[in-house]
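Take a look at the structure below.
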Amino acid sequence: MKEALQLFIDQQMPSPAYLSDGNWSILAHNRAMAEWWPWVTESNANLMRWALLSPEARHQYSDWEKHADVYVRLLKYAWMNRREDRTLLQLIADVRRNPDVNRIWKTRYDLGADRDGHVFRMNVPALGETVEVVSHVLFPASLPECRLVVITWLQGDEPDNRKVDALGGERDAWAKRTTLAPYTPRAWARPAELPQRTVSCRTQEEAAALAGASGIRLPALSRRVGPTAHLTLAPSKNSVIWATQENGSWAAAEFDASAVLARFPRAADRDTDVELDVVRRTSLACSRTQGTEKRPRVLRGRPSSIARSESCPPTGPEQP
């Protein structure tokens, strides 16, 4: 499979392109990538170590701290999904030895899944100039844990315009928003006491009904949580109803779908993978429809009083 991907990467010339694993170690690259950024040819080349630790990266990235903030988001997202990955833990420990990176880690609370579509300026010594580039991130089906990245560069009508990038969008908009909702340390694990916005339900079915008519039950993910939990996807609201049985009744809380995805790493069993894919597709459909604005989560009364939102298109298999 790697040979086929190398062919694809080579065909991206003259655009720089590379393949990295789940921990950002470089597995393959094309000639343009090596010419623009020679560090990829080094033994054990790793994007995170270069971007966050090398003086070269601080010179090449325009406004390095904005980029460092984004890379820390990516590391935190990976950490939430793979807390037992020793290679990832070592990478995080290594970059956090840098005082600037450690400060960002301790003071920023956002997550990010990738840098796809980010438009930014870089000082590229091989070109002898500052260029505006776009990062395109792909996930090969044969290597789903890897990232295939192509860098294209472009020139706008007003290259010196500080407010508008070369694609006509807001300059550095990626630095002001995240691909996932901001998190707090226990946002996706049920706290010892349920959040204030909860609804007490008499039965499991009543709790599931809070997801609306298009609700999709998630039995495999529920089993991962425990025998007293029941999760139901609400596609119309891009959320998951998380119900827990306590003292003979059910307490239901609503969580963003993205927060629930961060709670569960991709598992080996097929049933869990299928359910995670359904939640992921729902979250993606909503992000395309609405952007990344955070919507209020309020559960009011019994299921009969819950107004169904049509803001996000339903996705996933029909519920039996």
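Points to keep in mind about this one:
- Computed with every protein chain present, the accessible area of residue 61 is close to 10 Å² [probe 1.4 Å].
- Within-15-Å neighbourhood charge of residue 49 [Cβ basis; K, R +1; D, E -1]: -2
- Two-site FRET efficiency, residue 154 against residue 271, from Cβ-Cβ distance with R₀ of 45 Å, rounded to 0.05: 0.55
- Projected label distance in nm at residue 42 and residue 281, using a 7 Å step from Cα toward the beta-carbon: 4.3
- For residue 247 and residue 205, the FRET efficiency from 1/(1 + (r/R0)^6), where r spans their Cβ atoms and R0 equals 25 Å, is about 0.85.
- In nm, spacing of pseudo-spin labels at residue 116 and residue 130 (7 Å Cα→C-beta vector): 2.9
- The trypsin sites (Lys or Arg not before Pro) of the range 77-107 that DSSP puts in a loop, and whose beta carbon has at most 10 other beta carbons within 10 Å, are 83, 97.
- Rounded to the nearest 10 Å², the accessible area of residue 130 at probe 1.4 Å: 70
- Length released on extending from residue 213 to residue 98, taking residue separation times 0.36 nm less the Cα-Cα span: 36.4 nm
- Positive contributions from Lys and Arg (+1) and negative ones from Asp and Glu (-1), summed over other residues with Cβ under 14 Å from the Cβ of residue 11, come out at -1.
The values are calculated or read from the model by the stated rules, or taken from the named source; none is laboratory data. Note that the structure is a prediction, hence the values are computed from the model and not measured. Methodologically, a virtual Cβ is constructed for each residue, glycine included, from the backbone with ideal geometry; neighbour enumeration extends over all protein chains shown. Ligands, DNA and RNA are stripped out before the accessible areas are found, and what is left, the full protein with its side chains, is counted by its heavy atoms. Shrake-Rupley method; radii C 1.70, N 1.55, O 1.52, S 1.80 Å.
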